[in-house]
Amino acid sequence: MNAQTPSGEHAGETLAFRATLRREKLAARLALGTSALAAAAASVEEHLAGLLAPLPPGVLAFCSPVRNEFDARPLVARLLDAGWAAAMPVVVAEGAAMHFRTWTPASAMTVDRHGIPIPLGSGDAVPTVVLLPLVAFDPNGFRLGYGGGYFDRTLASLAPRPLAIGVGFEVARCADVRPQAHDIRLDATVTEAGAFRHPA
């Protein structure tokens, strides 16, 4: 399930590669124009809804959108009407697994230490499905995030592990993110091009 650890002589090269890839892919996403972003987001929403449709209603965890990320809130609001519950991840301590707070469109919000909106003082939840934002991703189901490792630690701590779905845009696609030992393979990736399953 996890990637192989690079050898010592290649570890520094891999870290530098991932840092450069992160900068390039963030810049590409931020450069998307308003109309292109809206069109891509509409397609992502359609493909994601189709991927979730066969699943029994559970607890769907997702992040508030930042830096031109896909905004899942309209879809999540519809899923709430269909019997789902929703939650957002919250960083409680550096280097620790995240907690999940329940969310509805009426939830009072605050911002965390990184400026990301999170529910204010709501109850805890255990997700059955987690939507992970993609800075970069490869065809093997590995993602590159913002570098904190929070999602990998969190997924590794949950038993049973929730379904992990990477959600983003095609500008994030690359041939290889050069995953590290702690990186957990996604179960599926969704972009405007479709929904792609990644068998273990």
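Read-outs throughout are calculated quantities, based only on the coordinates presented, and are distinct from any laboratory measurement. Predicted model only: the values in this text are computed from it and were never measured. Here Cβ is always computed from backbone atoms with ideal geometry, including for glycine, and neighbour counts include all displayed protein chains.
Say whether the condition of being touching a residue at least 24 places away in the same chain (Cβ under 8 Å), under 16 Å from residue 166 (Cβ atoms) and aromatic (Phe, Trp, Tyr) is met by at least one residue in the stretch 70-80. Yes, the conditions are met somewhere in the stretch 70-80. Only a single criterion out of (1) within 19 Å of residue 55 (Cα to Cα); (2) not in a loop (DSSP other than H, G, I, E, B) is not satisfied by residue 159, namely (2).
The rows are residues; the columns are (1) assigned to a loop (DSSP other than H, G, I, E, B); (2) without any contact (Cβ under 8 Å) to a residue 40 or more places away in the chain; (3) farther than 26 Å from residue 193 by Cβ; (4) touching a Gly at 6+ places or on another chain (Cβ under 7 Å).
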residue	(1), (2), (3), (4)
29	no, no, no, no
35	no, yes, no, no
39	no, no, no, no
48	no, no, no, no
60	no, no, no, no
83	yes, yes, yes, no
104	yes, yes, yes, no
107	yes, yes, yes, no
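Yes or no: the stretch 114-128 includes at least one residue that is under 11 Å from residue 60 (Cα atoms) and buried (at least 21 other Cβ atoms within 10 Å of the Cβ). Scanning the stretch 114-128 turns up at least one residue that is under 11 Å from residue 60 (Cα atoms) and buried (at least 21 other Cβ atoms within 10 Å of the Cβ).
Pull up the stretch 87-98, narrow it to residues that are within 15 Å of the chain's Cα centre (by Cα) and free of Cβ contacts under 8 Å to residues at least 60 places away in the same chain, then point me to the one that is nearest to residue 132 (Cα to Cα). Out of the qualifying residues, it is 88. Screening the stretch 151-167 for residues that are surrounded by fewer than 20 Cβ atoms within 10 Å (Cβ to Cβ) and more than 15 Å from residue 59 (Cα to Cα) and picking the one that is farthest from the chain's Cα centre (by Cα) gives 157.
Within the stretch 142-156, being touching a residue at least 60 places away in the same chain (Cβ under 8 Å) and either assigned to a helix (DSSP H, G or I) or in contact with a strand residue (DSSP E or B) (Cβ under 8 Å, 6 or more places away or on another chain) (or both) holds for 144, 150, 151, 154.
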